Each structure stands twice: as C-alpha cells, then as structure tokens.
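Notes follow once the structure below has been shown.
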Amino acid sequence: MRARPARLFTALTALVAAGTLAACSGGSPQSGQSGQPGAAGASLTTQSGGSTSSGEWPRTVAHEKGELKLDAQPQRIVSTSISATGTLLAIDAPVVASAATSPSNITDDQGFFSQWSEVAQERGVEVLYPNLEFDMESLIAADPDLVVVSTSGADSVVDQYDQIAAQFPTIVVDYSKQTWQDLATELGEATGHEADAQSAIDDFDSKVSEAAAKITAPAGGAAIVSFNGPGADQGVAKKTGPHAQLLESLGVEVHEAPEDLDTSERPRSDFAFVTLENLSQAISGDAVFLLSGTPETVAAFEAEPVLANVAAVNSKKVYPLGPTSFRIDYYSGQQFIDAVVQALG
C-alpha cells in the first residue's frame, strides 16, 4: 500500500475518512431533553453574548444515524469531532467542550486547531479529551445536552455512537461530503442557530467578493497541491473539492490531475493522489498553491528535481496557502483567502 501524504493525513481529517460519501440512513428516532423547556420563538443569550431566536421546539433533527427529537434548544453542546468544532463556533453554538488532537504546528498547546483556538478560549471551551482518544468518563463529566459525532476521519467516534446515544442526545454528521457552509446549515438547524449560520455564510461570501476584486488571477489557471516530498503520494485538488471551489470563487481556474495518474484506492471528490514521479505530469496551469504550505514548503517544492520542468517552478509562481489550509472552515477559509490575496494581490 502506498504511503499517504503525511501533512494531509495528519491534519485534513476529511482526507483520512473511510471514503464513504453517501449519507447513512435508517436507525430509530432518539428522544432527549436539551436544556430547560422554553416557549417557541423565545430569545436567548449565546455563549459569546449575542442573541438568537430559539425557533420552534421541540423539533426532530435528521442526521446520519437516523433522527433525534430535541425537546428544547441545546445549551451545553459537546463536540467529539474537532473538525466540526470550528463550524459550531462560527454559528455561535454554545460549545462547552471539544475533543482535541495532539499538539502540533497547526494547533495551540492544548490541541485545538489554531484557526479557531482563540475563539474557543474566549468562550471557555474545555478540552473534552486529548489526542483524539475517546473517553466516555470525560463525556459524562461534561454533562452535555447535545453531542456531535462525525462519521469519518481521525476524529470519528462513530463506533461509540450507541454507547453515547444511550446516555445523551446525539447527532452524527459527515463533514467529508460537504462544504463548511453546508455543515453550518445542518448544525444550525440542529441547534436552533439557523440565523447565525446564515450570517456566518453571508459574512464569508462578502470576504470572498472583496478578495476577488483585489487579485489578478493567473491567465493559465493554477493547481492546488499537497506536497509531501519523497516517499509519499502527493495530493492534487479536484474541482469538486472545497479547496478548489474556494479558489475558483476567487476567480482562479483550478486545473486537476489527469484521471489515469490517480492512485486513490476509492473515488474521491476532493483530491487525486499521484506519485512524486508523476507529479510534474499532474500539474498544469501558470501557478501552484501549496496546501498547508509555508515558505519552507515552497522552497522544498521548487528544489525537488522531478519538478524542475513545472512551469510554476520556472516562473517562481509557487505560493503557500498557510498551515491552516488543510481543511476549510469559516476561520481557516478566511486565512486561505488572505494567502491568495497576498500571492496575487
């Protein structure tokens, strides 16, 4: 079996998913209490101090494992999926604890992704358990009225779904098959933060429009590459993936790798994987953007002998997207946009 890209594997949990893109269905409806019962349409204060309408309660929420009936709007949400936590924060959901990964150059000291760790700190979000090592006792101690679980990725605890759902209202999401905007809409409906979700999406769209007006797109388009050096396959973004979609929304045409070079064991919508030896054939366009890239990554890419004939290398149009670009959420997406503006503005 070929080695998978180290940086992409470690951080972009959507790309270490099992590969199932279709939503799961079935399962029996759950019923659970969420916070204190309140009148439909009541206004309540969020963790960050804002006000949002609670909507109609009780409500039934469809999710990847069936349906969940919530009697009232959740007030203590726990995320077992660090990849979903950023979106929950973006929609102002009352997250009290989140799973954390191992500290690295893409996290803070406690293992929260750096793009939203400051927001989590401001809102008092606690570490549910470290190193993505599931701990039921920590979940019990957090006393949530809603638990969010992901179906796939390194942060998935879907195998513990029955155990969790037996004690707490639980929904399961699949972030690997949708954009952060779609996930925000789904979580907004589950938490009563529909308006906050739409507000975050509108704010992001405005930033995209403003940034698009500031840049000059490469005439010949560009490729997005997860460069991982010798001994690993390299990722090349597909047009149907969130990274390519965001870059194209800025006005930059994205070039994909030829299908016959893709070594992926299962079809994917976000990235193709190619050998280092074939990477020069997989890259086309006038520029290359490096996923999780830093100036050091750019230097290593440009110094790789097998890439000497790549047009972007010869013209010095290889650009870093920054350490947080491994996964696009509300926060990292804005940093992605800033990196593109810096490169092309």
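The values are calculated or read from the model by the stated rules, or taken from the named source; none is laboratory data. All values reported here derive from a predicted model rather than from experimental measurement. Neighbour counts run over all protein chains shown; Cβ positions are idealised from the backbone, glycine included.
Residues in the range 78-104 that are of a type in the set (S, T, N, Q) and either within 17 Å of residue 132 (Cα to Cα) or free of Cβ contacts under 8 Å to residues at least 24 places away in the same chain (or both): 79, 80, 81, 83, 85, 98, 101, 102, 104. Does residue 241 fit the bill of being at pLDDT below 95, surrounded by 15 or more Cβ atoms within 10 Å (Cβ to Cβ) and in contact with a strand residue (DSSP E or B) (Cβ under 9 Å, 6 or more places away or on another chain)? So residue 241 fits the description; yes. Taking the conditions (1) over 18 Å from residue 107 (Cα atoms); (2) of a type in the set (Asp, Glu); (3) at pLDDT 95 or above in turn, residue 329 satisfies each one other than (1). Every condition in (1) in a helix (DSSP H, G or I); (2) touching a strand residue (DSSP E or B) at 6+ places or on another chain (Cβ under 9 Å); (3) in contact (Cβ under 8 Å) with a residue 24 or more places away in the chain; (4) not β-branched (Val, Ile, Thr) holds for residue 293 except the one numbered (1).
Checking each residue in the range 107-132 for being surrounded by 23 or more Cβ atoms within 10 Å (Cβ to Cβ) and in a loop (DSSP other than H, G, I, E, B) picks out 112, 115, 116, 125, 128. For the range 133-165, a residue qualifies if it is over 21 Å from residue 102 (Cα atoms), assigned to a helix (DSSP H, G or I) and either of a type in the set (Val, Ile, Thr) or touching a residue at least 40 places away in the same chain (Cβ under 8 Å) (or both), and the qualifying residues are 140, 161, 164, 165. Taking the range 324-340 as the range and being buried (at least 21 other Cβ atoms within 10 Å of the Cβ) and of a type outside the set (S, T, N, Q) as the test, the residues that pass are 326, 327, 328, 329, 330, 331, 333, 336, 337, 340. With the condition kept exactly as written, say whether any residue in the range 302-311 is buried (at least 24 other Cβ atoms within 10 Å of the Cβ) and at pLDDT 95 or above. Scanning the range 302-311, I find at least one residue that is buried (at least 24 other Cβ atoms within 10 Å of the Cβ) and at pLDDT 95 or above, so the answer is yes. A Cβ distance below 7 Å, combined with a sequence gap of six or more or placement on separate chains, defines the contacts here; from the range 105-130, residues that are free of Cβ contacts under 8 Å to residues at least 40 places away in the same chain reach residues that are surrounded by fewer than 18 Cβ atoms within 10 Å (Cβ to Cβ) and assigned to a strand (DSSP E or B) in the pairs 110/127; 111/127.
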